[in-house]
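Peer 1: This is the structure I want to talk about, given as structure tokens.
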Amino acid sequence: MWKPMLPTLVNEAPSGNEWIYQVKYDGFRCGLQWTDQDVTLWSRNGHNLSRSFPEIISWCQQHTSRFQSYLPLFLDGELIISITAYRTDFEQIQKRSRTKKNVNQFSQNRPATFVAFDLLESKAQDLRKKSFSKRDQILSTILEGITGRIRKVPTFEKLDSILEVVDIHQAEGMVAKQKKAIYTEGKRSNTWLKIKNFRTIPGIVTNWNTENDYLTLQYYHNETLCILGKCKNGLEQGEKETLTTFFKRYGQKVNGTTWELAPSVCMDINCLSAEDQELREPVFHQFRFDIKPTDCNQLTIDQGLAQFPSAVNLSRLEKELFPAVTKLNYLCYLRWIAPFMLPGLKDRRLTLIRFPDGIHEHSFYQKHLPDYAPSFIQTIPNNDGEMDILCQDLQSLIWFGNHGGLEFHVPFNKINKIDPEEIVFDLDPPSLDQFFIAVRAANLIKEMMEHQGFTPLVKTSGRTGLQVHIPIHNMTYDETRTLMEATAKVLVDSEPDHFTIERLKKNRGNRLYIDYVQHAPGKTIIAPYSTRATDEATVATPLFWNEVTETLDPRKFTIHTIPTRIKEKGCPFNLVT
């Protein structure tokens, strides 16, 4: 029976030519045994997980001919449910593993993926004694180009490169592996080192259970004490003795095993998440004698969990940018959505609409670099000699958000190209009451574009309309305009009571405006996942085509709902940085 090789937890990643690196995925460790006759998923404890994850088994069976020359295979890896290429949803994969009913429904709605990070057997040959570099090379050959229910974990040669990936995706961490390491089954090895991407948050110690040694941590939400979670690991002997002495001197024993302490002692905790009064993998980091108990609050906890770039000095976080939405709420949204939002911004001149004091106060457009911008904001000169701003990375995105940048508009071409990357039909009904007309137009355009061999995508505008995005190659602006104009006129001719290409609003009546004139050099469109300046804090949201029905309500897509939506459904545009 397979027993997995285990990495040793360390605080810092080693560097040097003898090491290579992989992202540590937050899922279930699993072995995949694949023969001519059968495919089996084994848990690290020897349990057969095949019935719980039929989508993995059926995928392997459907692709047996592709891998026939490598069978039998044994892969070591992780069962995950992806949010991004490197961020996973542990709660969902945990739920899947415990589910006995509706397994097929779960596997269809949000299928799991097996990510392989090592190869133990191929063609019936035992590879455990070969170096990790060699095993990784063979695994790359086997899974090259595979992107289905099985894929290979990427390997990074440079420490800086993987640290950047772990940071932007808020991955669980990373594993450093010695290139020459053999596979030692069932043992924890110093040739594999894991480094967790801990979030650091403050808490107030209020209870100590002498029986199990758990400390209860709390925080202030408004003026009410709330439970943050429990922690017992990480305290050195001297620190533990100091804390227990403090409890016994200043605390009160409330029953046979529990001491209680008034809010006075603060500490930082390292953890992977903090939700529903539970800390995931909590470890004591340090005492915080420099802060007051009231400093351990929802604001400071949210900041710690978000892991904002240290280069950005955040300010006035409690200010409302949208009704009942603080700047911190908004920045947390940007931090979470960054892997999906940045691909639509990168290498495109940015037009930002800023609302420094919220959506109901003064706003202005910004395209050029302000004098006070930090050096990490990248720019490109325009024809007037001004420096146009770019949003190339996480710290730039957060800096723009901290300065009230609520709407991110981008052109259709990238900075190194004169031709557009996509066609975008902007479908603008007169009001939300006529949104069904936008739905009708989008589906008609989809049918027409698919007939011509294109693959259309669709998103809400974040306001009252829909936008159909069509990725293209080797087409000029003139060629796209000809195609768009012809398409728009077909729609207008077929349903003149519903559609128009009349630019003046007063002449449109209750008809939907099909805007193709806006698709031109220098013109812009709202970027996917950008917020719009609405009371609901709506978001320009990529949709699945089966959602584009008359019951679709664009007001449901807000900064409050998008993270959960992506966790449950994924990204229809398949955007990832």
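The values are calculated or read from the model by the stated rules, or taken from the named source; none is laboratory data. Small disclaimer: the values here were computed from a predicted structure and weren't measured. Positions of Cβ are backbone-derived with ideal geometry, glycine not excepted, and every protein chain shown enters the neighbour counts. Each accessible area value is taken on the protein alone, full model and side chains, heavy atoms only, with ligands, DNA and RNA left out. Shrake-Rupley method; radii C 1.70, N 1.55, O 1.52, S 1.80 Å.
Peer 1: Across the stretch 364-383, what is the total count of residues that are without any contact (Cβ under 8 Å) to a residue 24 or more places away in the chain and open to solvent by 30 Å² or more (accessible area, probe 1.4 Å)?
Peer 2: Adding up the residues that qualify gives 12.
Peer 1: From the list Glu361, Glu386, exactly one residue is acidic (Asp, Glu), open to solvent by 30 Å² or more (accessible area, probe 1.4 Å) and either touching a residue at least 60 places away in the same chain (Cβ under 8 Å) or more than 17 Å from Thr524 (Cβ to Cβ) (or both). Which is it?
Peer 2: On the way: Glu386 fails: either touching a residue at least 60 places away in the same chain (Cβ under 8 Å) or more than 17 Å from Thr524 (Cβ to Cβ) (or both).
Of Glu361, Glu386, the one residue that is acidic (Asp, Glu), open to solvent by 30 Å² or more (accessible area, probe 1.4 Å) and either touching a residue at least 60 places away in the same chain (Cβ under 8 Å) or more than 17 Å from Thr524 (Cβ to Cβ) (or both) is Glu361.
Peer 1: Right, something else. State which residue pairs qualify: first residue more than 17 Å from Trp192 (Cβ to Cβ) and inside the stretch 120-140, second residue of a type in the set (A, V, I, L, M, F, W, C) and assigned to a helix (DSSP H, G or I) in any location, beta carbons under 8 Å apart, and separation of 6 or more residues or different chains.
Peer 2: Pairs that qualify, where the first residue is more than 17 Å from Trp192 (Cβ to Cβ) and the partner is of a type in the set (A, V, I, L, M, F, W, C) and assigned to a helix (DSSP H, G or I), are Ser122/Ile138; Ser122/Ile142.
Peer 1: Filter the stretch 123-136 down to the residues that are open to solvent by 10 Å² or more (accessible area, probe 1.4 Å) and not charged (D, E, K, R), then identify the one that is nearest to Thr35 (Cα to Cα).
Peer 2: Of everything passing the filter in the stretch 123-136, Ala124 is nearest to Thr35 (Cα to Cα).
Peer 1: Please list, ordered by residue number, the helices (runs of 4 or more DSSP H) wholly in the stretch 79-174 having 1 or more residues that are under 25 Å from Thr564 (Cβ atoms) and not hydroxyl-bearing (Ser, Thr, Tyr). If you could, list the steps in order and put the result at the bottom.
Peer 2: Details: elements: 90-98, 103-109, 132-143, 159-169.
Here the list reads 90-98, 103-109, 159-169.
Peer 1: To continue, here is another question. Working only within the stretch 460-505, note down all residues that are surrounded by 15 or more Cβ atoms within 10 Å (Cβ to Cβ) and of a type in the set (Lys, Arg).
Peer 2: Arg463, Arg481 - these are the residues of the stretch 460-505 that are surrounded by 15 or more Cβ atoms within 10 Å (Cβ to Cβ) and of a type in the set (Lys, Arg).
Peer 1: Quickly run through the stretch 208-217 and pick out the residues that are over 29 Å from Arg29 (Cβ atoms) and either out of contact with any strand residue (DSSP E or B) (no Cβ under 9 Å at 6 or more places or on another chain) or open to solvent by 30 Å² or more (accessible area, probe 1.4 Å) (or both).
Peer 2: Asn209, Thr210, Glu211
Peer 1: Does the stretch 512-521 include one or more residues that are free of Cβ contacts under 8 Å to residues at least 60 places away in the same chain and within 24 Å of the chain's Cα centre (by Cα)?
Peer 2: No - not one qualifying residue is present in the stretch 512-521.
Peer 1: Oh, and also: Test each condition in (1) in a loop (DSSP other than H, G, I, E, B); (2) surrounded by fewer than 17 Cβ atoms within 10 Å (Cβ to Cβ) for Val312 and report the one that comes out false.
Peer 2: Condition not satisfied by Val312: (2).
Peer 1: Turning to a different aspect of this structure: Kindly indicate which of Pro111, Pro202 is out of contact with any strand residue (DSSP E or B) (no Cβ under 8 Å at 6 or more places or on another chain) and of a type outside the set (D, E, K, R).
Peer 2: Numbers: Pro202 fails: out of contact with any strand residue (DSSP E or B) (no Cβ under 8 Å at 6 or more places or on another chain).
Result: Pro111 is the single residue among Pro111, Pro202 that is out of contact with any strand residue (DSSP E or B) (no Cβ under 8 Å at 6 or more places or on another chain) and of a type outside the set (D, E, K, R).
Peer 1: Can you find, within the stretch 247-295, the residue that is farthest from the chain's Cα centre (by Cα) among those that are among the small types (Gly, Ala, Ser) and closer than 11 Å to Ile201 by Cβ?
Peer 2: Just the residues of the stretch 247-295 that are among the small types (Gly, Ala, Ser), to begin with: 251, 256, 262, 264, 273-274.
Applying the additional criterion that residues be closer than 11 Å to Ile201 by Cβ yields 273-274.
Details: Ser273: 15, Ala274: 17 Å.
Here the answer is Ala274.
To keep it simple, each residue is scored yes or no on (1) loosely packed, with under 14 Cβ neighbours inside 10 Å; (2) at positive phi; (3) in contact with a His (Cβ under 7 Å, 6 or more places away or on another chain).
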site	(1), (2), (3)
Ile227	no, no, no
Lys240	no, no, no
Thr245	yes, no, no
Asn255	yes, no, no
Thr258	no, no, no
Asn270	no, no, yes
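Peer 1: Take the residues in the stretch 104-122 that are under 25 Å from the mean Cα position of the chain (by Cα) and more than 23 Å from Pro4 (Cα to Cα); name whichever of them is least open to solvent (accessible area, probe 1.4 Å).
Peer 2: Per the criteria, the residue is Ser107.
Peer 1: I need the strands (runs of 3 or more DSSP E) fully contained in the stretch 195-298, keeping only those with at least 3 residues that are not aliphatic (A, V, I, L, M).
Peer 2: Counting at least 3 such residues, we get 199-209, 215-221, 224-231, 258-271, 283-287.
Peer 1: Are there any pairs with C-beta distances below 6 angstrom linking a residue in the stretch 169-195 that is at pLDDT 95 or above and among the acidic types (Asp, Glu) to a residue that is part of a strand (DSSP E or B) and crowded, with 19+ Cβ neighbours inside 10 Å, with the two at least 6 apart or on different chains, and if so which?
Peer 2: Glu172/Lys24
Peer 1: Report the residue count in the stretch 568-577 for those that are at negative phi and either outside any helix (DSSP H, G or I) or surrounded by 16 or more Cβ atoms within 10 Å (Cβ to Cβ) (or both). Full working, then the answer.
Peer 2: Going through the stretch 568-577, the residues at negative phi turn out to be 568-569, 571-573, 575-577.
Among the residues that remain, those that are also either outside any helix (DSSP H, G or I) or surrounded by 16 or more Cβ atoms within 10 Å (Cβ to Cβ) (or both) are: 571-573, 575-577.
Within the stretch 568-577, residues that are at negative phi and either outside any helix (DSSP H, G or I) or surrounded by 16 or more Cβ atoms within 10 Å (Cβ to Cβ) (or both) number 6.
Peer 1: Does the stretch 282-300 hold any residues that are open to solvent by less than 60 Å² (accessible area, probe 1.4 Å) and either without any contact (Cβ under 8 Å) to a residue 12 or more places away in the chain or over 16 Å from Tyr333 (Cβ atoms) (or both), and which are they?
Peer 2: Answer for the stretch 282-300, where residues must be open to solvent by less than 60 Å² (accessible area, probe 1.4 Å) and either without any contact (Cβ under 8 Å) to a residue 12 or more places away in the chain or over 16 Å from Tyr333 (Cβ atoms) (or both): Pro282, Val283, Phe284, Phe287, Arg288, Ile291, Pro293, Asp295, Cys296, Asn297, Thr300.
Peer 1: Is it the case that Gln68 is open to solvent by less than 20 Å² (accessible area, probe 1.4 Å) and out of contact with any Cys (no Cβ under 9 Å at 6 or more places or on another chain)? Spell out the reasoning first.
Peer 2: Details: open to solvent by less than 20 Å² (accessible area, probe 1.4 Å): no; out of contact with any Cys (no Cβ under 9 Å at 6 or more places or on another chain): yes.
When the stated conditions are applied, Gln68 does not pass them.
Peer 1: Kindly check whether there is at least one residue in the stretch 81-92 that is more than 22 Å from Ser43 (Cβ to Cβ), among the small types (Gly, Ala, Ser) and without any contact (Cβ under 8 Å) to a residue 40 or more places away in the chain. Please lay out each step first, then the result.
Peer 2: Step one: filter the stretch 81-92 for residues more than 22 Å from Ser43 (Cβ to Cβ), giving 83-87.
Filter again for among the small types (Gly, Ala, Ser), leaving 85.
Next, only the ones that are without any contact (Cβ under 8 Å) to a residue 40 or more places away in the chain stay: none.
No: the stretch 81-92 contains no residue that is more than 22 Å from Ser43 (Cβ to Cβ), among the small types (Gly, Ala, Ser) and without any contact (Cβ under 8 Å) to a residue 40 or more places away in the chain.
Peer 1: Within the stretch 419-446, track down each residue that is under 18 Å from Thr351 (Cβ atoms), touching a residue at least 60 places away in the same chain (Cβ under 8 Å) and out of contact with any strand residue (DSSP E or B) (no Cβ under 6 Å at 6 or more places or on another chain).
Peer 2: Once the filter is applied, which keeps residues that are under 18 Å from Thr351 (Cβ atoms), touching a residue at least 60 places away in the same chain (Cβ under 8 Å) and out of contact with any strand residue (DSSP E or B) (no Cβ under 6 Å at 6 or more places or on another chain), the stretch 419-446 yields only Pro420.
Peer 1: A further question follows. Taking only pairs six or more apart or across chains, which ones have beta-carbon atoms under 7 Å, a first residue in the stretch 244-261 that is among the β-branched types (Val, Ile, Thr), and a second residue that is open to solvent by 70 Å² or more (accessible area, probe 1.4 Å) and assigned to a strand (DSSP E or B)?
Peer 2: Partner pairs satisfying both residue conditions: Val254/Glu260.
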